[in-house]
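First the structure, in the form of structure tokens, and then the observations on it.
The values are calculated or read from the model by the stated rules, or taken from the named source; none is laboratory data. The structure displayed is predicted, hence computed values, not measured ones. All Cβ positions, glycine included, derive from the backbone under ideal geometry; neighbour counts span all protein chains shown. Accessible surface areas use protein heavy atoms only, side chains included; no ligands, DNA or RNA. Shrake-Rupley method; radii C 1.70, N 1.55, O 1.52, S 1.80 Å.
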Amino acid sequence: MTANESSNQIQLPDNFVFGVATAAYQIEGAASEDGRTASIWDTFSHTPGKVLNGDTGDVACDHYHRVSSDLDLIQQLNVGAYRFSFSWSRLFPTAGGQVNQAGLDFYDRLIDGCLERNLQPFATLYHWDLPQYLYDNGGWESKETALAFANYAKFIADHFGDRLHTVVTFNEPWCSSILSYLFGVHAPGLKDLPKTLSVIHGQHIAHGLAIQAMRASKSDLPLGIVLNAQAVYPIGAQTNGAAVRHHDFHNGLFFEPLFHGRYPEQAVKALAPLLPKTFMDDLPTIAQPLDFWGLNYYTPTWVTDAASADELYPATAEVQRDDVTRTDIGWEVKADCLTELLKRLYADYSLPPCYITENGAAYNHELVEGGVDDLPRQEYLEQHIKAVAAAISEGIDVKGYFAWSLMDNFEWAEGYSQRFGLVHVDYSTQQRTVKRSGHWYADLCQSHRGLSPLSP
Ligand code: IFM
């Protein structure tokens, strides 16, 4: 079946947006250039043993120097939107709020370049790269960081607001709290539950203050947040309780305060002594009305009760199922869970319209005779876009889909070992090659948008 034949079978609303997504630390490089200072990810990746093979984002995809040709590449994929993140420490390299002109010029070039190519710019303020000077001053546990974030957000709305299509405050705050402060996998690499709870809460306050600041600056700029909600399933009927606790902790601690102005009752009961003292008072600041939210989905989560009865709430353990299809990073492929997750979230919470802000697969196919034949990624994307179409046909308001990722990049603790791109990157030459999946996606976007084919 040709790309056009298979993609034509996907029925989506006419105004549905297709895009590709990236994040600053994963692609920009130029880590010490033009005034940028370190973020916690520079510090972490330069700490031996934290990232596979000692990889860092120092050079990454060198996007900082190649922004114009990378935007041409995005345009060739026929997408209508580009989702990227700002590097906070490139724009505000030091405490005190002085903007870095070179950083500003870079993002002006990026955003203007999107508009010149008819790409809607979808911006993210925080994709995990907290300036090191803010971490050293208390990080997300300190209210001062939340206030600095609100000032940064206000600056973005003031300066770029009339050129941006949407802005989200945080990308996957689960990762920048639980994965980073409880599981120790991401920067700053801690394993501390009270700190984790205080970071979750601190990021929520920062989100609320930033939304208020951006609304005051530019009231018609669509604002949201991106959450990597887990599609949680019990591994057997006797573990239903574990699945409920897991959902409450890993999803509820985010969805309930952000959308309903409360924390999940059972979680609060279990964790009360560890919660920040002011957590009830801050809830009205946190629960700001949003214009949309973003869902990042990759794989389902199967859970059971923790092995030891002494484990702290939620006292659950994840289980890897046998005999399932997995991507090269080991994540189970199961597209119907995306449809079910959307339906469950809209049933449980009062949510505004949604974009799928990330979805994609790590497959490490290499360049062979000038091409990359990554059929499994193409199949993954097709199944998941169909799962989105199924949710829409059942009444869920999904406005768009962003493939993760535009190109292979720095995959956090996995370094450069896992390739998520529609475009292959040869890190020794920085040569970009559109993979089979990228050509398929370009065909899909072209037929969806009714564009005439671009010349090669
Ligand atoms: O690479 C990440 C991205 O930064 C956030 N969402 C998940 C992707 C794949 O792990």
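Quick one: check the C-alpha center-to-center distance for the stretch 63-110 versus the stretch 233-247, whole angstrom.
Their Cα centres are 42 Å away from one another.
Calculate how many DSSP beta bridges within the stretch 317-456 are antiparallel, expressed in % of all such bridges and rounded to the nearest 5.
60 percent
Taking only the alpha-carbon atoms of the chain, what semi-axes of the equivalent ellipsoid follow from 5 times the gyration tensor eigenvalues under a square root, in whole Å, largest first?
They are 31, 27, 22 Å, listed largest first.
In nm, give the distance between the simple-model label positions of Arg321 and Ala347, each being 7 Å from the Cα along the Cα-to-Cβ direction.
Placing both labels 7 Å along Cα→Cβ, they lie 1.8 nm apart.
So, with +1 on the Cβ of K and R and -1 on the Cβ of D and E, and no other charges, what is the size of the charge dipole of the stretch 354-456 about its Cα centre, to the nearest 20 debye?
So the dipole magnitude of the stretch 354-456 works out to roughly 300 debye.
Which whole-angstrom value gives the distance between the alpha carbon centres of the stretch 351-393 and the stretch 401-456?
What the calculation gives is 10 Å, centre to centre.
Taking just the alpha-carbon atoms of the stretch 305-440, what radius of gyration and Dmax come out, in angstrom?
In Å, with Rg to one decimal and Dmax whole: 17.7, 56.
Computed on alpha carbon atoms, what radius of gyration and Dmax characterise the stretch 267-313, expressed in Å?
Cα-based Rg and Dmax for the stretch 267-313 come out at 16.3, 43 Å.
Membrane-span-like helices in the chain: DSSP H runs reaching 24 Å or more (Cα, own axis), mean Kyte hydropathy at least 0.0?
143-160, 193-217
For a protection proxy built on the mean count of beta-carbon atoms within 10 angstrom, sort 284-297, 223-236, 182-195 highest first, please.
Details: 284-297: 19.1, 223-236: 21.4, 182-195: 16.8.
Descending packing order for the listed peptides: 223-236, 284-297, 182-195.
Taking the solvent-accessible surface of protein heavy atoms with a 1.4 Å probe, what is the per residue accessible area of the chain in Å²? Don't jump to the answer; show the numbers that get you there.
Values: 17250 Å² over 456 residues.
I get 38 Å² per residue for the chain.
Compute the distance from the alpha-carbon center of the stretch 298-313 to that of the stretch 127-148, in whole Å.
A separation of 30 Å, based on Cα centres.
Suppose the chain between Tyr313 and Ser32 were pulled fully straight at 0.36 nm per residue; how much longer would it get relative to their current alpha carbon spacing?
On the way: separation 281, 0.36 × 281 = 101.16 nm, distance 4.14 nm.
Fully extending the segment from Tyr313 to Ser32 adds 97.0 nm.
Relative contact order for the chain using alpha-carbon pairs under 8 Å, separation at least 6, rounded to a whole percent?
Here the relative contact order equals 18 percent.
Tell me the label-point distance for the pair Arg117, Gln9, using the 7 Å Cα-to-Cβ offset, in nm and rounded to one decimal.
Calculated label separation equals 3.1 nm.
Student exercise: in the chain, how many lysine pairs 8 or more apart or on different chains have Cα atoms under 25 Å apart?
23
Suppose only helical runs count, i.e. DSSP H with n ≥ 4. What mean residue ellipticity at 222 nm does that imply for the chain under -39500 (n - 2.57) per run, divided by all residues and rounded to the nearest 500 deg cm²/dmol?
That comes out to -11000 deg cm²/dmol.
Which of the peptides 212-218, 196-202 is most tightly packed, and how do the rest follow, judged by the mean count of other Cβ atoms within 10 Å per residue?
196-202, 212-218
Using a 1.4 Å probe on the protein chains only, how many percent of the accessible area of the chain belongs to carbon and sulfur?
Whole-percent figure for carbon plus sulfur exposure: 50.
Taking a ≥ b ≥ c as the square roots of the eigenvalues of the Cα gyration tensor of the stretch 125-177, is the shape rounded (a/c under 1.5), prolate (a/b larger than b/c) or oblate? Write down the numbers at each step before the final one.
On the way: a/c = 2.66, a/b = 1.56, b/c = 1.70.
Cα axes put the stretch 125-177 in the oblate bin.
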